[in-house]
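Everything below concerns the one structure shown next.
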Amino acid sequence: MPQPAPPPPALRPPPGPAREPAREFAPERAPEPAPERPEVVVVGGGVAGLSAALALTAAGAPCALYERRAPDAFSGMGFLFTANGLDALRALERRAGWPLGADDLGAPLSRMRLLSARGELLAERDAGGARGVRRARLTRALEEGCAGAGVRLHADVAVVDAALDPRGALRLALSDGAARVAPCVVGADGARSTLRAALFPEARFAPSRLLEVVGLAPAEALGAARGARDLVKAQDPARRVAFGYMPLDEREVVWYAQMSQEGAPPEGWVPEEDGEGRRAALLRRFEGWAPFTRDLLEACPFERTYRWDTRDLEPLPTARRGGLALVGDAAHASLTLSSQGVSGAIEDAVALGEALGEALGEALGAGLEASALAAAWRDAAARFEARRAPVWRRRQGEARALLDDFLWGDTRRGVPVAQP
Ligand SMILES: Cc1cc2nc3c(=O)[nH]c(=O)nc-3n(C[C@H](O)[C@H](O)[C@H](O)COP(=O)(O)OP(=O)(O)OC[C@H]3O[C@@H](n4cnc5c(N)ncnc54)[C@H](O)[C@@H]3O)c2cc1C
C-alpha cells in the first residue's frame, strides 16, 4: 500500500443550478502547451470522476481532474449504497492499492420496510448488504486516494465549453480563462453535464415526473427507533407521495420526501429556495402521517435541504465522441428511485480502468507515449461502452418501472429500490 499523502483539497458537490454551456468556444487565453506527460483529463470530481481518475491511474494513465467546486464547498448528504456498489468499491481499492474504507463505510442496514402513511407495515425485505452512507465520507476517501495516486486535482475550475478538433481531441475552455487541448477526456460532470451539452446536443431528458427533497436530521429525533438499522419508507399510493429515512451513522439520518409532480400547484409543491418555506410545505403535505415524519422534518436544519426535479436522461445511442467518454450521471442520469447512481458510477470507473489496462497492454512497458495513450484510449472507450451500456439501459428500465409503480400506487414490488 502506498503511504498516505497529505489530504487533498476538499471537493464537494452541491447540485447547484444548471450551468448553461457557452454558445461559442471562446477561451480568453491560447491553449496551454501540452503537459510534459501524456494524461487523461477528467472533468468532474463527484463519485464518478474521482473513481475514474483513480482507476485510470491504476491502469497506467496519469490523470488531471477539474472540479468546479471550491475546496470548502458543502459536502452533501447521504445515499443508499447497494451491495454491488460496495463490491465495485472493493475492486477499485484492490486495483488502486489504496484503502478506501469499503469495509467500514456508513451504516450497514438490516431491513428495508415499506409502511402505509400511518405507519402500518406493508412489506419488508432483507437489506441485502446495503448501507446508508454519508456522501462526504465516500468522496473524501476517493479524493485521498486520488491525491495518493498522483492525480492532479484542480479545484474551483470548471470546464465552461468544449469542442472537438479535426483529430477528435477536445478543446476545453476553463472558467479561469485558460484553454487546453486533450486527446483523452472523461466527462464525469454529472446529470447537467457541460461536456454532454457541447458534444451531444441531441441528448434529451424525459419530462420530470417526480420531485424529491432530501435532508439530514439528528438520529435522536427518532426517539426509541434511534439505532434501528432499517431503511424505512412510508407511502401514500393514492396521493403518490412517500417519505423515507435511513441511518448514516449513530448521529444522523438522511430523510427524503418523494412526490408526483402531477397536479402540483403552479408554484410547485415545495419552494425552490426558502428553507423555512420548504419545512412548512412538507409539514402540510405530510400532516397526519406516521410520527417519525413530523419528528424528522421538525428536527432538520432546513437551510441545507436539497430539492431535486428528478432527471431521467433518454438513453444515448453512444456515450463517446472523439476523445470523450461520458461516465456516471453524465452518461446515464437516471431516476433516484433506482438507488443505483453512486454504485453505477463506481462500476463505470472500474470498467473504464479495466478496458484501458487491456488496451494499453504492452505500450506501458516501454514508457507511455502520448500517441500510444490516445490510440489505446479510443479502443478502451469502445470496450467500456460495449460492456456498460446494456447495464445502463437495464437499470434505467427498472427505475422507470419503479416510478410507474409509484405513480400508479402499486406497492406489490415492495420497497421501491432497484436490484443490481
Ligand atoms: C436527491 C437524490 C438522491 C439520490 N439518492 C441516491 C441513492 O440513494 N443511491 C444512489 O446510488 N444514488 C443516488 N442518487 C444518484 C447519485 O447521487 C448520482 O447518480 C451520483 O452522484 C452520480 O455521480 P456523478 O459523479 O456522475 O455525478 P455528480 O455527483 O453530479 O458529480 C458531478 C461533479 O462534476 C462537477 N461538475 C459539474 N459540471 C462541471 C464542469 N462544467 N466543470 C467541472 N466540474 C463540474 C460537479 O460539481 C460535481 O462534483 C441520488 C441523486 C439525487 C439527486
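The table below lists the values:
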item: Qualifying residue in the range 68-87 (condition: crowded, with 21+ Cβ neighbours inside 10 Å and farther than 19 Å from GLY132 by Cα); result: yes
item: Candidates LEU373, LEU360, LEU368, LEU352, filtered to the one that is outside any helix (DSSP H, G or I) and farther than 25 Å from PRO247 by Cα; result: LEU368
item: Out of LEU153, LEU170, sole residue that is over 22 Å from the mean Cα position of the chain (by Cα), farther than 30 Å from LEU403 by Cα and either in the same structural domain as GLY341 (by TED's automatic domain parsing) or within 9 Å of the ligand (Cβ to nearest atom) (or both); result: LEU170
item: Single condition PHE200 does not satisfy, out of (1) surrounded by fewer than 18 Cβ atoms within 10 Å (Cβ to Cβ); (2) out of contact with any strand residue (DSSP E or B) (no Cβ under 6 Å at 6 or more places or on another chain); result: (1)
item: Every residue from the range 226-246 that is more than 25 Å from the chain's Cα centre (by Cα), farther than 16 Å from TRP289 by Cα and of a type outside the set (Lys, Arg); result: GLY227, ALA228
item: Filter pass, LEU195 being outside the structural domain of PRO62 (by TED's automatic domain parsing) and within 19 Å of the chain's Cα centre (by Cα); result: no
item: Number of positions in the range 88-135 that are assigned to a strand (DSSP E or B) and in contact (Cβ under 8 Å) with a residue 24 or more places away in the chain; result: 16
item: Criterion: under 21 Å from MET77 (Cα atoms), more than 16 Å from the ligand (Cβ to nearest atom) and in contact with a Pro (Cβ under 6 Å, 6 or more places away or on another chain) - qualifying residue of GLY277, GLY227; result: GLY277
item: Subset of the range 272-297 (residues that are more than 29 Å from the chain's Cα centre (by Cα) and assigned to a helix (DSSP H, G or I)); result: ARG284, PRO291
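Yes or no, residue by residue, for (1) within 12 Å of the ligand (Cβ to nearest atom); (2) at pLDDT 95 or above; (3) closer than 30 Å to ALA217 by Cα; (4) among the hydroxyl-bearing types (Ser, Thr, Tyr):
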{"residue": "ALA48", "(1), (2), (3), (4)": "yes, yes, yes, no"}
{"residue": "SER51", "(1), (2), (3), (4)": "yes, yes, yes, yes"}
{"residue": "CYS63", "(1), (2), (3), (4)": "no, yes, no, no"}
{"residue": "TYR66", "(1), (2), (3), (4)": "yes, yes, no, yes"}
{"residue": "ALA70", "(1), (2), (3), (4)": "yes, no, yes, no"}
{"residue": "MET77", "(1), (2), (3), (4)": "yes, no, yes, no"}
{"residue": "ASP87", "(1), (2), (3), (4)": "no, yes, yes, no"}
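The values are calculated or read from the model by the stated rules, or taken from the named source; none is laboratory data. In this text, all values refer to a predicted model and were calculated from it rather than measured experimentally. Backbone-built Cβ (ideal geometry, glycine too); neighbour counts: all protein chains shown.
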